[in-house]
Amino acid sequence: MSTLTRRSLLVGGIVAVGAALEATGRRFGLVPPDCSGFYGPGATLTYAAHRVFGRNAQAREFPRSLISAKPFANEIAPPTDAFRRHQAANFTTWRLQVEGLVSQPRAFSLAELRAMDVRSHITEIACEEGWSYIAEWTGTPLAAVLQAVGVRPEARYIVYYSSDPDWLESIDIDEAMHAQTLVTWGMNGAELPVPFGGPLRLRVPRQLGYKNVKFLERIVVADTLKGVGNGSGQSAPNDGYAWYAGI
Ligand SMILES: Nc1nc2c(c(=O)[nH]1)N[C@H]1C(S)=C(S)[C@@H](COP(=O)(O)O)O[C@H]1N2
Ligand SMILES: [Mo]
């Protein structure tokens with residue numbers, strides 16, 4: 001057998017094994033939506049390992065004494081006119097719209113959310129660019145919100161939008177249903193301040209900072225990310241951010 005044929009057989013074999021692995025992975029929900037491209041194999045390995053071995057892993061929680069005295073708010077886009085109007089009304093007009101693959105789409109006011117399950121955790125938020133801080137976050141578990149609208153069985157992702165028109169993100173249903181994933185309206189015992197994403201922020205403590213979208217306004221339950229944020233399910237892929245940001 002010539003070297004050339006052997007090599008092409010070998011390459012063919014690797015491609016075939018890769019394709020079989022990918023098919024199996026897809027079947028068991030182990031392939032992230034950004035599995036192709038240069039970083040694809042790495043992203044897939046991380047995602048699959050976290051989903052197989054760490055589905056219920058908890059983000060580390062800290063004692064109260066370690067809450068950062070001076071948390072640093074990342075720079076954000078200037079608020080829109082619509083945002084300013086909500087702010088002038090003390091956010092009584094703010095609604096979280098939940099729709100998509102649900103039995104009953106619904107808009108929640110802050111008062112309605114606060115009247116549901118309440119949970120707090122003291123966790124770290126870490127920006128991919130290197131800084132982080134620890135705070136106490138209080139909110140309504142996203143699982144409770146999703147339960148209230150009835151998630152359909154074919155759902156695989158939730159896509160969530162900021163009122164800041166440039167920000168959207170998505171996570172899988174596992175991450176959405178995780179007990180520490182909170183529709184957050186409180187921080188360090190007070191209302192969530194606007195620079196930190198008030199009145200509402202999705203706090204996903206098992207994921208890097210950029211998954212923690214501020215000024216949360218809309219959640220769409222979906223079975224695919226095709227067509228969402230140019231197919232990446234994110235607004236920030238151009239900055240080189242991976243879809244799965246598990247830490
Ligand atoms: N709406 C909105 N959400 C956002 C951002 C943003 O610019 N706009 N920045 C993200 C990034 S990159 C990080 S690291 C965290 C920063 O959170 P912090 O401001 O509380 O430090 O918020 C994330 N959520
Ligand atoms: Mo970030």
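Annotation note: Cβ proximity below 6 Å between a residue of the stretch 108-131 that is open to solvent by 70 Å² or more (accessible area, probe 1.4 Å) and a residue that is away from ligand 1 (no atom under 11 Å from the Cβ) (sequence gap 6+ or interchain) occurs for D117/T140; D117/P141; D117/A144; E124/I134. Of all the residues that make up the stretch 208-226, how many are touching a Lys or Arg at 6+ places or on another chain (Cβ under 8 Å), crowded, with 21+ Cβ neighbours inside 10 Å and not in a strand (DSSP E or B)? Residues meeting the conditions: 4. Being at pLDDT below 95, surrounded by 19 or more Cβ atoms within 10 Å (Cβ to Cβ) and in contact with a Pro (Cβ under 8 Å, 6 or more places away or on another chain) is a description that does not apply to G229.
For the stretch 200-207, indicate whether the set of residues that are open to solvent by 30 Å² or more (accessible area, probe 1.4 Å) and in the same structural domain as A89 (by TED's automatic domain parsing) is non-empty.
no
The values are calculated or read from the model by the stated rules, or taken from the named source; none is laboratory data. Nothing here was measured: the structure is a model prediction, and the numbers come from that model. Cβ coordinates were reconstructed from backbone atoms using ideal geometry, including for glycine residues, and neighbour counts include every protein chain displayed. Remember, those area values only see protein heavy atoms, side chains included, never the ligands or the DNA or RNA. Shrake-Rupley method; radii C 1.70, N 1.55, O 1.52, S 1.80 Å.
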